[in-house]
Amino acid sequence: MVGLVDPLVDRAEAVLAGKRKTPAATAYEKTIVYPSVQAATTLLAPTPPQLVLLGCPPAFRGTTDPSRGFNTEKIITDAFPSCALFVEKPVGTGSVEQAKQVADMLESRPSNLVSVGYMLRYSAAVQRMKQIIKDNNLVVMMTSARYVMGQCFALYSCWWP
């Protein structure tokens, strides 16, 4: 991981310190914490990333309106016109019209590969569940789940305007 954007830089650094003590340490050893998307795009510009994972709360993206700075997809694709972009679902929390405007903007940039999905689909627990289903030739007939926030610090007011 090249960089992480978090307005609570000290908290992010503490989390990274913990990750650097795990078997996944090499994935985080050179990660830099940026206080904003704008700071990250400015500082990463000399060596642009090939992929950006956009996993911030959806209220901070999914719009083309620059007034609050939540036009994150546009900021990133302007700064890195040929990087791939993975956007965690939901795409945004604004109107359907806003989501369509973002989609149109992204479609007009054929050099950006864009994917939308569920980031935790790649977690070890989900992969193990899928393997158990496959190994036992099970048929999933229903899923009953409760979403418990994976981001335990999302209650901080800086994430929710």
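Amide H neighbours of LEU54 under 5 Å, counting only residues 5+ apart in sequence or on other chains, H built in-plane at 1.01 Å? Placed amide hydrogens put PHE86, VAL87, GLU88 under 5 Å from LEU54.
Rolling a 1.4 Å probe over the protein heavy atoms of segment 92-148, with every protein chain left in place, gives an accessible area that is 58 percent carbon and sulfur. In the chain, once you exclude exposed trypsin sites (Lys or Arg not before Pro) (DSSP loop, at most 15 other Cβ within 10 angstrom), what's the longest stretch remaining? Between exposed loop sites, the widest span is 31-145. Taking every lysine pair in segment 7-116 that is 8 or more places apart or spans two chains, those with Cα atoms closer than 23 Å amount to 5. Between ALA84 and LYS19, residue separation times 0.36 nm minus the direct Cα-Cα distance comes to 20.9 nm.
Average projection, convex hull of the Cα set of segment 24-65: 4.2 square nanometres. Positive-end ranking of ASN136, ALA79, VAL102 along the dipole of the chain, with charges on Cβ about the Cα centre, is headed by ASN136. What the chain shows is 68 Å² of accessible area per residue, with the surface traced by a 1.4 Å probe over protein heavy atoms.
Exposed loop sites, defined as chymotrypsin sites (Phe, Trp or Tyr not before Pro) outside DSSP H, G, I, E and B with at most 13 other Cβ atoms within 10 Å, are absent from the longest region of the chain, namely 1-117. For ASP65 and SER108, a Förster radius of 25 Å and the Cβ-Cβ distance give a FRET efficiency of 0.90, rounded to the nearest 0.05. With Cα atoms as the point set, segment 32-100 shows a radius of gyration and Dmax of 11.8, 35 Å.
Once the Kirkwood radius over Cα pairs is known for the chain, the Stokes-Einstein relation at 25 °C and 0.890 mPa s delivers a diffusion coefficient of 139 µm²/s.
The values are calculated or read from the model by the stated rules, or taken from the named source; none is laboratory data. All values derive from a computational prediction rather than experimental measurement. In this analysis, Cβ positions are derived from the backbone assuming ideal geometry, glycine residues included, and neighbour counts consider all displayed protein chains. Side chains included, ligands, DNA and RNA excluded: accessible areas come from the protein's heavy atoms. Shrake-Rupley method; radii C 1.70, N 1.55, O 1.52, S 1.80 Å.
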